[in-house]
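Worksheet for the structure shown next.
Computed from the coordinates by the stated procedures, all read-outs in this text should not be read as laboratory data. It should be emphasised that the depicted structure is a prediction, and the values quoted were computed from it without experimental measurement. Ideal geometry is used to build each Cβ from the backbone, glycine not excepted, and the neighbour counts take in all protein chains shown.
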Amino acid sequence: MTDIHERLITILVRGHRLAPERLGLDAPLQGLGIDSLATIELLWDIEDQFQIKLPADPTGLVTVGDVVTLIDVALRPQPHADAAAETTVVIGAIAP
């Protein structure tokens with residue numbers, strides 16, 4: 001179990017009153033009673049707890065593991081916009 005998964009379990013237990021043993025990575029969100037409205041609330045809780053910004057309308061969130069993956073991706077360092085622009089300039093300068 002990863003730290004992200006453990007922290008997500010804490011959020012789900014506290015905010016949705018779910019039993020921790022039901023919150024394996026393959027547990028379906030709908031099977032846990034987390035509908036679309038509850039998913040939005042969960043995403044807000046995750047943003048607060050992890051101090052991250054998530055997409056407004058993430059797709060493909062079917063299981064607890066999908067939510068863990070979403071958090072993991074959001075926590076990864078993002079390339080700086082200026083670095084991408086510099087890369088584009090360099091690539092453009094090399095191209096014939």
> Where a ≥ b ≥ c are the square roots of the eigenvalues of the C-alpha gyration tensor, would you call segment 1-52 rounded, which needs a/c under 1.5, or, failing that, prolate if a/b is larger than b/c, or oblate?
Replying inline: oblate
> What is the gain in length, in nm to one decimal, between THR2 and GLN78 on full extension, counting 0.36 nm per residue of separation less the C-alpha to C-alpha distance?
Replying inline: 25.2 nm
> Where a ≥ b ≥ c are the square roots of the eigenvalues of the C-alpha gyration tensor, would you call segment 29-68 rounded, which needs a/c under 1.5, or, failing that, prolate if a/b is larger than b/c, or oblate?
Replying inline: prolate
>> What is the distance in Å between the Cα centroid of segment 56-77 and that of segment 1-27?
In response: 14
> So which trypsin sites (Lys or Arg not before Pro) in segment 8-87 are both in a DSSP loop and have at most 11 other Cβ atoms within 10 Å of their Cβ?
Replying inline: ARG17, LYS53
> Can you sort ILE46, ILE52 by how many other beta carbons sit within 10 Å, fewest first?
Replying inline: ILE52, ILE46
>> 5 Å is the cut-off here: which amide hydrogens, built 1.01 Å from N in the peptide plane, fall below it relative to THR63, excluding neighbours closer than 5 in sequence?
In response: LEU29
